[in-house]
1. Hey, quick one: spin label on Ala129, modelled 7 Å out along Cα-Cβ, who in the stretch 53-85 has an amide N within reach, i.e. under 18 Å?
2. For the residues Thr57, Thr82, Thr99, what sequence is obtained by ranking on other C-beta atoms within 10 Å, fewest first?
3. Please give me the summed charge of the neighbours of Ser74: other residues whose Cβ is under 13 Å from its Cβ, Lys and Arg +1, Asp and Glu -1.
4. Starting from the Cα-Cα distance between Ala79 and Ile147, subtract it from 0.36 nm times their residue separation and give me the gain in nm to one decimal.
5. Arranged by the count of other C-beta atoms within 10 angstrom, fewest first, what order do Ser78, Ser83 take?
6. FRET efficiency for Leu172 and Tyr61, Cβ-Cβ distance as r, R0 = 45 Å, nearest 0.05?
Amino acid sequence: MKKCLVMLMLVASAFSAVAEGPVLDGVKEEYGIFKASWTPFQFAVTPARYGLLFSSTADVYGLALGVFLLEQQSAVISAALTSGQSKNYGLQCAAVTITEMNYGLDVGAMVSFIRRNYGVQIGGLNVEADGGSRRKDFAPGAPGCQIGVFNIGHGLQIGALNYNPDALIPVLPIFNYSK
């Protein structure tokens, strides 16, 4: 029974993040009890962005923790059941992560959605959602790395099945790479 309840909460949290929309293209509205442009600590208690301690547009130069859903502009270290950020420069850990730009380490235990990955993405299913070829956008070696069971994206991929539209062979098991 407890396992079913935990799985239900996890799925509800993921759908809540998708229903409200991730922090893509910057945070448009400001939520939180205290307004600030930056903070060393952020805490969210509810499965919605209205339960934030500090403003959702604040950059967190320390630790951001959420019980269910944490939606933040950026944070050095963030952890929640579901986490969404505009820019990840440090470590983001959650069961489901949704990120605009990743420059750090993004660990999504189940699913990791990133629009553009310049860092390391680790998870069961890793998706770099911008899609299509990016050869013209990057200097050689600039795309990030994906490590997971299933990977969809660019750069270096290590996993059971990898799809990389810029690679010589787009779909490969174990290892795929594009410059």
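1. The answer is 69-75, 80-85, whose backbone nitrogens lie closer than 18 Å to the label point.
2. Details: Thr57 21, Thr82 27, Thr99 30.
Ordered by Cβ neighbours within 10 Å, fewest first: Thr57, Thr82, Thr99.
3. Details: positive: Lys87; negative: Asp59, Glu71, Glu100, Asp106.
Net charge around Ser74: -3.
4. Values: separation 68, 0.36 × 68 = 24.48 nm, distance 1.91 nm.
Working it through step by step, the gained length comes to 22.6 nm.
5. Details: Ser78 28, Ser83 33.
Going from sparsest to densest Cβ surroundings: Ser78, Ser83.
6. Values: r = 40 Å, r/R0 = 0.88.
For R0 = 45 Å, the calculated efficiency reads 0.70.
Each value in this text was obtained by applying a stated rule to the coordinates, not by laboratory testing. Since the structure is predicted, the reported quantities are computational estimates derived from the model, not experimental observations. So basically every Cβ, Gly included, is an ideal-geometry build from the backbone, and we count neighbours across all protein chains shown.
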